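*Asks:* Below you'll find the structure I mean.
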Amino acid sequence: MPAYATNMRLKFPIVALGLEIITIILYGVFVVYDDGKSKGHGHGHDAHSNDTEPAEPMKLYPMFQDVHVMIFIGFGFLMTFLKRYGFSSVGVNLLLAAFGLQWGLLMQGLWDLHDGKIKVSIYKMINADFSTATVLISFGAVLGKTSPVQLLIMTILEITIFAVNEHLVVEVLGVSDVGASMTIHAFGAYFGLAVARVLYRPGLRNGHDNDGSVYHSDLFAMIGTVFLWMFWPSFNSAIADPGLPQLTAVINTYLSLAACVLSAYAISSLVEHKGKLDMVHIQNATLAGGVAVGTCADMNIGPFGAMLIGLVAGTISTIGFKFLSPILASNLGIQDTCGVHNLHGMPGILGGLAGIVAVALGKKKGPSAAMQAAGLASSLGFGLVGGALTGLIMKLPIWGQPPDQNCFDDSLYWEVPEEEEENEESLAHADHSKNKAEA
Amino acid sequence: MPAYATNMRLKFPIVALGLEIITIILYGVFVVYDDGKSKGHGHGHDAHSNDTEPAEPMKLYPMFQDVHVMIFIGFGFLMTFLKRYGFSSVGVNLLLAAFGLQWGLLMQGLWDLHDGKIKVSIYKMINADFSTATVLISFGAVLGKTSPVQLLIMTILEITIFAVNEHLVVEVLGVSDVGASMTIHAFGAYFGLAVARVLYRPGLRNGHDNDGSVYHSDLFAMIGTVFLWMFWPSFNSAIADPGLPQLTAVINTYLSLAACVLSAYAISSLVEHKGKLDMVHIQNATLAGGVAVGTCADMNIGPFGAMLIGLVAGTISTIGFKFLSPILASNLGIQDTCGVHNLHGMPGILGGLAGIVAVALGKKKGPSAAMQAAGLASSLGFGLVGGALTGLIMKLPIWGQPPDQNCFDDSLYWEVPEEEEENEESLAHADHSKNKAEA
Amino acid sequence: MPAYATNMRLKFPIVALGLEIITIILYGVFVVYDDGKSKGHGHGHDAHSNDTEPAEPMKLYPMFQDVHVMIFIGFGFLMTFLKRYGFSSVGVNLLLAAFGLQWGLLMQGLWDLHDGKIKVSIYKMINADFSTATVLISFGAVLGKTSPVQLLIMTILEITIFAVNEHLVVEVLGVSDVGASMTIHAFGAYFGLAVARVLYRPGLRNGHDNDGSVYHSDLFAMIGTVFLWMFWPSFNSAIADPGLPQLTAVINTYLSLAACVLSAYAISSLVEHKGKLDMVHIQNATLAGGVAVGTCADMNIGPFGAMLIGLVAGTISTIGFKFLSPILASNLGIQDTCGVHNLHGMPGILGGLAGIVAVALGKKKGPSAAMQAAGLASSLGFGLVGGALTGLIMKLPIWGQPPDQNCFDDSLYWEVPEEEEENEESLAHADHSKNKAEA
């Protein structure tokens, strides 16, 4: 065990405070409030701005708050399904997202400077929240097997690489990806899977006692699931062009998710023992419709088309959890704690493919099907290569890493309260029975 | 037990996927995006549309999201109070609502076709969410005693009947029911009670071990309660006429709910043992003010009037839980798991009556008191008769139904995780004490 | 124990219903709907109104709902961290806030009468919600050690005193305090600490078995933390001037909170045993940045300035929890259950001081630094003196007060369900082992 440096004292505070202080200095140099006088907001959404003071600088604020809830409640609670890893799930999620949004605003803003400054607007805050989603997806793949210091390193690197890929795909290639099936979901999933591969732990080949849920931890996770499910139309439409395109993105996502629920439930029952439903599928595969409809959310695919995408996404996601994840773990050494491959990876690729088809069919003016395909390839490539390199850096012993037997266990990094009161009482009763027995 | 077909394998996937595929085909034929060029949105709210592209197709979106949260988090978690039925409560709630909103959009839209098409707008999505509320209310009456297949059948039938009654009441009779005390709450409650009556289980006459809460399940339920309580002003005002009528609906609901909390707490303490508060009352009766003020939410009843309605609603709801529900169960064979009669039934009728009085007193121009009364009668009639017929169909053995001893138990339809870790530890301790005792 | 009158029957219903009925009568006399024809909304925000019907009476509604969520979910669940006090935390929070908003609307409205009437608008509803925040902060200081009747008395008195101080500070002195660091946070904290001092319990000097968390209660509390954290930008900007000032308030709060997370985590790890994180710090100190940036949220302090404020706030808050709270309890007799001094007290003062500096540096036109200082002094003075007097009134035996051994225990005022099912099973197993042992 001496190889593991699990004591975070000094190491973690130094990294966390150091990164924050560097960030604040960069903000002092580069970041100012939006004054509405700049043109363009990135993503080619010039419609959001003009040369005068913005008439409604707060217009996107409700959308921003929906996305904010997805990032902090949605992702945070979705990962609390593990029986003894809830503090880390929701707590480290908060840490990574709070740092990530600051870093993301810088990394994305560098491509859109005005007089050498990044001008913060609600639009930029939404994109900053988006950039953290990539990290939280990857976090799901390595959940329970990494230290907070490792994860802060991953946050910096992944968001930096994300910003490069997103700029390339959206601005340079002119790809349409309004709900970010490719640039966030597929990218984040394969990045996380590559990290997980590099950090492969043979010692967990046969599972781990704490790598599972208890009854109430599954209910906490459903808080995350349902908030993600409800607000996904905001995620996919937040940066769409105002007016009918934004409405289209909302409707397509709403209907895709609704159809996806039915297929996720149906397939879960079909593949499980005695036709029972499996919480893992319900918590995750019901969301695959939101991922998969992302790229073509603002395209004229028709309500019917959106529902078909959702139906397929719920199906492949559930099947992935049941049949593919075990194979990835045993044959490829990819231990994907939350099954992000099934929720974000495959549905993200499906989204990219659907976008290629939709563009080829002329469902949106502007982008070309070839460029859409290049955007998907780029996102997968940046994700896999970036994740592998990041995994190698994360593997350096200096960052600390939990030993196998302490994986999936909050008590390594958190003060965990004494056992439940009930338990103390049952112990008391057990003692009582002992005394009786002895008498 | 051979009479019960509880294994859902094949049966559930076939029904769920079959319904979804039929729905997608219907959407392919009938449903298109709103282009803002149609007139009218149902409910006589022509003010929302005009002949040109809508200036703000997303204007109602924050309202929609509030309603969405009520449907999926509010109703879902409100029902998690049962100790061993949380997966079904929040999970089946998601299933029924996700299917129901697709079906509701079709059923409501058929009354409002444009060139043979249903045009989806945020306004229609709000109404689709509303239509699912009737099912979720009825679900509360039969919670723990029905299979997911039975409930999908109920969803189809109830929403279809709801759409007929709502069209009759609102469009044909010209009744004012902005917050739907009559068309959703009273309708849904008496529909559910009629179903429960038809599905009466003598074997549960003396209660069931699992028909109760544990400490943390009551806290999960409070998540539902508080989200419903907070966003009820959005429910009651979402489809009100824009401007001051919508503001009035918000204020009346906000104040009615606030007053209702005080009376629910006061009466709970008054009727309970030693003046203690009862979580069942707090989780439910605090919301009765939102139900009861629904019909006249947009009427000029005065803040004072809204608060009086809330005060009375909280009182009768709490008294209903304490004294009326046991009588309904023992004398009339109506086993109402969540007490929807107290939260939606009686307060819904109170809301209808308050609407009659308010209209008679001229608090809103347009509707007539006689028509308001007819609307209440129609909603109750459609609910009771529709529920009874639906109950008979649900009783067909083909759909499966849990045996008495497996009621209120997730493990019949869900993979439920092993016991809590604490328990394993206490078992270990118990074993330990045993060993000691043997030694 | 005869000195304690813990049975709430009659006493609580009479007080609760009596207060509500008096309130309804006052509403009948004084309160009408906003018709948009009045000038001014208090806080000098004339920009919100004009002489004609308001163009957008619902414009602030999404902001209002965010604040609403903070009050009812945020404060309510934040306090559920105690292992056996969750019903009271979220339930009494609902009771106090529901009554408090009615009372606050009256008390604040009396300073802003139009033709002898208070005109309810969304703006006034936001301020009414704000007024309850003071009570909920003070509630945190005395959590677990007071009866619901005592707390209703506190609600009336505290909101009345708050309305006087706020009018004096904001309207008379012309102080700028958009996010209310001084008038809500510092005021509410020192009010609560003064009450706690007066209600000092020597019997709890050495702690109490129930004054701690269990694993899942800490997760429930995180629901509160994260919702407060996410929507704090709405709290600090809700009543800011529309347009860019409101945008500035959002950005400053967003960035202050993000920076604050990093310092709270870093310092928590630095001061805790083996560098572990402490849930108490994470649940609370991560929010200090929202409190501390409140006064100058709408000032031109720069993103960099906001982040510095957040960094310092997270640091002093965490240090306060670790080192100062124990000293306050043992040396000054201030038993601060939730540590409101660390989350609202010190960060509130920091916010006031930051406001003085920002105004002195010309970051906002209008207010004077001297008046800002007077506003801080006034808020502290009204809080401490008002709290002390209120504490004396709350100490009257007539209101009931829990005996020491029943502190932090829901079962005194609530029907609490039987033990967890798991426990029963482990008892069964224990019995089983007993039988085996006896055999």
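The values are calculated or read from the model by the stated rules, or taken from the named source; none is laboratory data. Predicted, not measured: the structure shown is a model, and the values here were computed from it. Reconstructed Cβ throughout: ideal geometry from the backbone, glycine too, with neighbour counts over all protein chains shown. We work out accessible area using only protein heavy atoms, side chains counted, and drop any ligands, DNA or RNA first. Shrake-Rupley method; radii C 1.70, N 1.55, O 1.52, S 1.80 Å.
*Asks:* Among the numbered criteria (1) within 30 Å of B:GLY207 (Cα to Cα); (2) at pLDDT below 95; (3) within 8 Å of chain A (Cβ to nearest Cβ), which single criterion is violated by B:GLU53?
*Replies:* Of the numbered conditions (1) within 30 Å of B:GLY207 (Cα to Cα); (2) at pLDDT below 95; (3) within 8 Å of chain A (Cβ to nearest Cβ), the odd one out for B:GLU53 is (1).
*Asks:* Against the definition (among the aliphatic types (A, V, I, L, M) and either open to solvent by 20 Å² or more (accessible area, probe 1.4 Å) or farther than 25 Å from B:ASN252 by Cα (or both)), how does B:ALA370 come out, yes or no?
*Replies:* Considered against the rule, which asks whether it is among the aliphatic types (A, V, I, L, M) and either open to solvent by 20 Å² or more (accessible area, probe 1.4 Å) or farther than 25 Å from B:ASN252 by Cα (or both), B:ALA370 comes out as yes.
*Asks:* Residues that are at pLDDT below 95 and over 30 Å from B:GLN283 (Cβ atoms): which helices (runs of 4 or more DSSP H) entirely in region C:323-439 hold 3 or more of them?
*Replies:* C:421-438
*Asks:* Scanning for something over 19 Å from the mean Cα position of the chain (by Cα), basic (Lys, Arg) and more than 26 Å from A:GLY207 (Cα to Cα), does region A:316-334 turn up at least one residue?
*Replies:* No: region A:316-334 contains no residue that is over 19 Å from the mean Cα position of the chain (by Cα), basic (Lys, Arg) and more than 26 Å from A:GLY207 (Cα to Cα).
*Asks:* Look at region A:159-189 and say how many of its residues are surrounded by 24 or more Cβ atoms within 10 Å (Cβ to Cβ) and at positive phi.
*Replies:* 1
*Asks:* So A:ALA259 ticks every box in (1) open to solvent by 10 Å² or more (accessible area, probe 1.4 Å); (2) facing chain B (nearest Cβ under 7 Å); (3) closer than 30 Å to B:TYR85 by Cβ but one. Which box is left unticked?
*Replies:* For A:ALA259, the failing item is (1).
*Asks:* Only one of B:LEU332, B:LEU350, B:LEU361, B:LEU324 is buried (at least 24 other Cβ atoms within 10 Å of the Cβ) and not aromatic (Phe, Trp, Tyr). Can you tell me which?
*Replies:* Unique residue meeting the criteria: B:LEU350.
*Asks:* I need the full set of residues from region C:136-158 which are within 14 Å of chain B (Cβ to nearest Cβ) and open to solvent by less than 10 Å² (accessible area, probe 1.4 Å), in order please.
*Replies:* Of everything in region C:136-158, those that are within 14 Å of chain B (Cβ to nearest Cβ) and open to solvent by less than 10 Å² (accessible area, probe 1.4 Å) turn out to be C:LEU136, C:SER147, C:PRO148, C:VAL149, C:LEU151, C:LEU152, C:THR155.
*Asks:* Hey, another quick one. For region B:158-180, name all the residues that are part of a loop (DSSP other than H, G, I, E, B) and of a type outside the set (A, V, I, L, M).
*Replies:* Scanning region B:158-180 gives B:GLY174, B:SER176, B:ASP177, B:GLY179.
*Asks:* Let me ask something else. Only one of these is of a type outside the set (Lys, Arg), within 21 Å of C:MET8 (Cα to Cα) and part of a loop (DSSP other than H, G, I, E, B): C:THR146, C:THR155. Name it.
*Replies:* Exactly one residue qualifies, and that residue is C:THR146.
*Asks:* Filter region B:211-226 down to the residues that are open to solvent by less than 10 Å² (accessible area, probe 1.4 Å) and under 23 Å from B:ASP404 (Cα atoms), then identify the one that is farthest from the other protein chains (Cβ to nearest Cβ).
*Replies:* Checked region B:211-226; the qualifying residue farthest from the other protein chains (Cβ to nearest Cβ) is B:SER217.
*Asks:* Let me ask something else about it. So, in region A:390-414, exactly how many residues are more than 14 Å from chain C (Cβ to nearest Cβ) and of a type in the set (Gly, Ala, Ser)?
*Replies:* The total comes to 1.
*Asks:* List, please: which pairs have Cβ atoms under 6 Å, are six or more places apart or on different chains, and start with a residue in region A:236-262 that is farther than 19 Å from B:TYR27 by Cβ and end with one that is open to solvent by less than 10 Å² (accessible area, probe 1.4 Å) and among the β-branched types (Val, Ile, Thr)?
*Replies:* From region A:236-262, the pairs are A:SER237/A:VAL250; A:ALA238/A:VAL67; A:ALA238/A:ILE126.
*Asks:* Do we have any residue at all in region B:84-101 that's part of a helix (DSSP H, G or I) and open to solvent by 10 Å² or more (accessible area, probe 1.4 Å)?
*Replies:* No - not one qualifying residue is present in region B:84-101.
*Asks:* May I pose another question? Can you find a residue in region A:237-250 that is farther than 25 Å from A:ILE282 by Cβ, more than 14 Å from chain B (Cβ to nearest Cβ) and buried (at least 24 other Cβ atoms within 10 Å of the Cβ)?
*Replies:* No: zero hits.
*Asks:* Return the total of residues in region A:274-301 being more than 7 Å from chain B (Cβ to nearest Cβ) and either among the acidic types (Asp, Glu) or open to solvent by 10 Å² or more (accessible area, probe 1.4 Å) (or both).
*Replies:* Number satisfying all stated conditions: 5.
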